[in-house]
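To keep things clear, I will list the structure first and then write my remarks on it.
Readers should treat all values here as calculations from the given coordinates under stated rules, not as data from a laboratory. Not measured: the values here are computed from a predicted model. Note: ideal-geometry Cβ built from the backbone for every residue, glycine included; neighbour counts use all protein chains shown.
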């Protein structure tokens, strides 16, 4: 397989793409995401369990008739661009990629890192997950809908954190006074300290999503800036002006 964030699709050669490239291709509207895990399915994807197209006992693809049935009932044709997700080990997705290419599919790619890599890329997309402080319900509702966005976030086990406009030192578990992210001279703490502060009040958040809420002010933006720009952590903003963790906005 070739590894390329922006693959040059060619017949007979499946590619490996990163989560961001897969997400970008999906947003172009000409691709389908195939979740090949056994039971789970990412919201908005097509579920095609790997064992439906691979005979485990014989270590070979199932019969052409059976393959055609599984593909047809899911609307997968030879011209369909397929982005394959598994649990991150990639071998199941690679098996399905092999089967698809052997059936004549021209554009097939395994998403490196699987479901979590894809969902993190989606969570990092401003058009999808960063809800702006406005009277709308945010960009998420415009592009994929709140239900789908929330479903994606839930798969990443979001870490709730309510941000408050209170003096430094007033933070407690689950509730962060935004000034605790600053040094006395008004600058942000360095990354190591900022990470410790967030971890102390939000709990473990690496490889997950911080689900940030506030009482209606812009204090959430401080956490968003630190988490995204300084620590490269995904953030979902919700509950602006409503109850912590809700999707109410003023």
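Protection proxy ranking for 48-57, 68-77, using the average of other Cβ atoms within 10 Å per residue and placing the highest first: 48-57, 68-77. Tell me, how many Å apart are the Cα centres for region 55-117 and for region 188-202? Each part reduced to its Cα centre gives a spacing of 42 Å.
Taking each residue as 0.36 nm, the span from residue 72 to residue 231 lengthens on full extension beyond its C-alpha to C-alpha distance by 52.8 nm. Label-to-label distance, residue 170 versus residue 200, with points set 7 angstrom from Cα along the beta-carbon direction: 1.7 nm. Applying 1/(1 + (r/R0)^6) with r as the Cβ-Cβ distance of residue 215 and residue 192 and R0 = 30 angstrom yields a FRET efficiency of 0.55.
Protection proxy ranking of 60-67, 19-26, by the mean of other Cβ atoms within 10 Å over each peptide's residues and highest first, is 19-26, 60-67. Note on residue 184 and residue 154: with the Förster distance fixed at 30 Å, the Cβ-Cβ geometry gives a FRET efficiency of about 0.20.
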